[in-house]
1. Take the conditions acidic (D, E) and surrounded by fewer than 10 Cβ atoms within 10 Å (Cβ to Cβ) and apply them to E35. Does it pass?
2. Does at least one position in the range 74-83 carry a residue that is part of a loop (DSSP other than H, G, I, E, B) and either touching a Leu at 6+ places or on another chain (Cβ under 8 Å) or surrounded by 13 or more Cβ atoms within 10 Å (Cβ to Cβ) (or both)?
3. Any residue in the range 69-80 that is closer than 19 Å to V37 by Cα sitting within a Cβ distance under 8 Å of a residue that is surrounded by 10 or more Cβ atoms within 10 Å (Cβ to Cβ)? List the pairs, counting only those 6 or more apart or interchain.
4. Where residues in the range 49-73 are surrounded by fewer than 10 Cβ atoms within 10 Å (Cβ to Cβ) and of a type in the set (A, V, I, L, M, F, W, C), which of them is nearest to K10 (Cα to Cα)?
5. Are there any pairs, at least 6 apart or on different chains, whose C-beta atoms fall under 7 Å, with the first in the range 5-21 and without any contact (Cβ under 8 Å) to a residue 40 or more places away in the chain and assigned to a loop (DSSP other than H, G, I, E, B) and the second β-branched (V, I, T) and surrounded by 12 or more Cβ atoms within 10 Å (Cβ to Cβ), and if so, which?
6. Tally the residues that are exposed (fewer than 10 other Cβ atoms within 10 Å of the Cβ) and farther than 30 Å from C64 by Cβ, restricting the search to the range 1-21.
7. Going through the range 22-31 one residue at a time, which ones are free of Cβ contacts under 8 Å to residues at least 12 places away in the same chain and either loosely packed, with under 10 Cβ neighbours inside 10 Å or among the charged types (D, E, K, R) (or both)?
8. Do any residues in the range 35-50 that are within 17 Å of F70 (Cβ to Cβ) have Cβ atoms under 7 Å from those of residues that are among the β-branched types (V, I, T) and surrounded by 13 or more Cβ atoms within 10 Å (Cβ to Cβ), where the two are at least six apart or on different chains, and which pairs are they?
Amino acid sequence: MLTSRIHRRKPKGKPMPKAIARANAAKSSIRAHVEHVFAHQKNRFGMFIRTIGLARAEAKLTLCNLAYNFNRLIFHERRESLG
């Protein structure tokens, strides 16, 4: 029941089949949304998780996600009020 989210490689010496290229593109669009959030958190908030224990790492990630969501809320509220 699980589907793979891993990109498939181009066969050596052959062109990439259209179906595989389309599947890779669909996977890339999902991946890009997630990767942009983590990149923003790492660059803007300095997110670096180096803790002992899963609970502490989860707490740190949760707080970072909360800060990111508040940041997005402020961005959208300002954008709505300006125009």
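1. no
2. no
3. Once the first residue is closer than 19 Å to V37 by Cα and sits in the range 69-80, its partners that are surrounded by 10 or more Cβ atoms within 10 Å (Cβ to Cβ) give N71/R44.
4. My answer is L54.
5. Once the first residue is without any contact (Cβ under 8 Å) to a residue 40 or more places away in the chain and assigned to a loop (DSSP other than H, G, I, E, B) and sits in the range 5-21, its partners that are β-branched (V, I, T) and surrounded by 12 or more Cβ atoms within 10 Å (Cβ to Cβ) give R8/I20.
6. Of the residues in that region, 8 qualify.
7. R22, S29
8. Here the result reads none, with nothing in the range 35-50 linked to a residue that is among the β-branched types (V, I, T) and surrounded by 13 or more Cβ atoms within 10 Å (Cβ to Cβ).
Just so you know, all these numbers are worked out from the coordinates, no wet-lab data involved. All values reported here derive from a predicted model rather than from experimental measurement. Quick reminder, even Gly has a Cβ in these numbers, built from the backbone with ideal geometry, and neighbours come from all protein chains shown.
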